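Please read the structure below before turning to the comments.
The values are calculated or read from the model by the stated rules, or taken from the named source; none is laboratory data. Computed from a predicted model, the values in this text were never measured in an experiment. Positions of Cβ are generated from backbone atoms using ideal geometry, with glycine treated the same way; all protein chains shown enter the neighbour counts. Just so you know, the surface numbers come from the protein's heavy atoms only, side chains and all, with ligands and any DNA or RNA stripped out. Shrake-Rupley method; radii C 1.70, N 1.55, O 1.52, S 1.80 Å.
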Amino acid sequence: MKYREIAVDGFLHHFVQCFWEYENGEQPIVHTILPDGYFDLIMTFEERKLMSVQLTGSWTKPIDVSIPKHSKMFAIRFKLLATEYLFQQEIKSILDTTKQLPGKFWNLECYESNQFEVFVADTIQHLKESIRHLKEIDQRKLKLFELIYEGKLNYVADLSQEVHWSSRQMNRYFNNQFGFPLKEFLKIVRCRSSYKDIAEGVLFPQKSYFDQAHFIKEVKKYTGTTPKELHKNTNDRFLQLSSREQA
């Protein structure tokens, strides 16, 4: 297994977390994908041939995925704000599942399995052009997601006060656009922030959890297992806790 990420910076970082590439070897493998507060567009190649383009919803529970042998994936990991401004649609209809896209979507069918860097460069340019032509971006939403993804605030009431947007309106927006309330999203992002520590063997809670019992309960809810089992990560089952190459 080979996995690497290319980070995104500048204004585009409000919408895209990273690009990632995954390559499997001689044997099929099963991974468990954990909720992390993002959604992905994934191109899958088998024997160098593009087999599918999929858009995932946001995950609120762990999901097992089977990766064929001799396969490769190119993907974009999006922040939730991208649904409204880059895709201009809701994704609540594909919550915890995936949707097939045509190969011609964003001209993805034109890329070969050895052109990851070209795919990244072209797509960044395409997305920057898309953002440039937007009429207006709600500054409350930009600030809201920035605060959440950076882990600066963990409670709906605090976010409401900081971005000057009522809790009721924020929850209506989240339910209509993503299919779950803001409080649920905050819990998922908080759990995701613990994955790095768990991978390094830090199995006690962060300050945002009440105590050890609360930490274990929340981790089990969103990953299906305990922090201890996540740390073991037998056969790289939990890809988000595995070592990776950064670029």
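Convex hull over the Cα atoms of the stretch 139-241, averaged projected area in nm²?
6.9 nm²
Out of the trypsin sites (Lys or Arg not before Pro) in the stretch 178-238, which ones are loop residues according to DSSP with at most 16 other C-beta atoms within 10 Å?
The qualifying sites are LYS207.
Just want the answer: with Cβ charges of +1 for Lys and Arg and -1 for Asp and Glu, which residue in PHE178, THR226, SER194 is farthest toward the dipole's positive end in the stretch 177-245?
PHE178
I want to verify the translational diffusion coefficient of the chain in µm²/s; compute it with Stokes-Einstein, Rh as the Kirkwood radius over Cα pairs, at 25 °C and 0.890 mPa s.
129 µm²/s
If you average the sequence gap of Cα pairs under 8 Å that are 6 or more apart and divide by the length of the stretch 2-133, what percent do you get for the contact order?
Here the relative contact order equals 27 percent.
Extending each Cα 7 Å along its Cβ direction at PHE87 and HIS126, get the distance between those two points in nm, one decimal.
Output for this residue pair reads 1.5 nm.
How many angstrom lie between the Cα centre of the stretch 4-51 and the Cα centre of the stretch 184-240?
For the stretch 4-51 versus the stretch 184-240, the Cα centre distance is 21 Å.
Would you please name the chymotrypsin sites (Phe, Trp or Tyr not before Pro) within the stretch 176-247 that are DSSP coil residues with at most 15 other C-beta atoms within 10 Å of their C-beta?
PHE210
Once the other residues with Cβ under 13 Å from the Cβ of PHE78 are scored (Lys, Arg +1; Asp, Glu -1), what is the net sum?
Net of charged neighbours comes to -1.
Can you give me the span-like helices of the chain, meaning DSSP H runs with 18 Å or more of Cα extent along the axis and Kyte-Doolittle mean at or above 1.0? Please list the in-between numbers first.
On the way: long enough: 116-132 (24 Å, 0.09).
Sorted by number, there is nothing, because no helix extends far enough and scores high enough.
In the chain, carbon and sulfur make up what percent of the accessible area (probe 1.4 Å)?
Details: 6140 of 12740 Å².
With neighbouring chains kept in place, the figure for the chain is 48 percent.
Set the Förster distance to 22 Å, then compute FRET efficiency between LYS2 and SER52 from the Cβ-Cβ distance, nearest 0.05.
Values: r = 20 Å, r/R0 = 0.90.
Efficiency at R0 = 22 Å is approximately 0.65.
Give the residue list of chymotrypsin sites (Phe, Trp or Tyr not before Pro) in the stretch 65-137 that are DSSP loop and have at most 13 other beta-carbon atoms within 10 angstrom.
Answer in residue order: no site qualifies.
How long is the gain from THR234 to LYS196 if the chain were fully straight, where each residue apart is worth 0.36 nm and the alpha carbon distance is subtracted?
Answer, rounded to one decimal: 12.1 nm.
Kirkwood hydrodynamic radius of the stretch 1-133 from all distinct Cα pairs, in Å? It would help to have the intermediate numbers written out before the result.
On the way: mean 1/r = 0.0655 Å⁻¹.
This gives a value of 15.3 Å.
Would you please give the residues with an amide H less than 5 Å from that of CYS18, counting only those at least 5 places away or on a separate chain, with H modeled from the backbone geometry?
Distant-sequence amide H within range of CYS18: ARG77.
Compute, for the chain, the length of the dipole vector about the Cα centre, with Cβ point charges of +1 (Lys, Arg) and -1 (Asp, Glu) only. Units Debye, rounded to 20.
720 debye
Whole number in Å², please: accessible area per residue of the chain, 1.4 Å probe, ligands, DNA and RNA not counted.
52 Å²
Defining a contact as two alpha carbons under 8 Å apart and six or more residues distant in sequence, what relative contact order in percent does the chain show?
Relative contact order of the chain: 23 percent.
Could you work out the relative contact order of the stretch 122-222, using alpha carbon pairs under 8 angstrom and six or more residues apart, expressed as a whole percent?
It rounds to 19 percent for the stretch 122-222.
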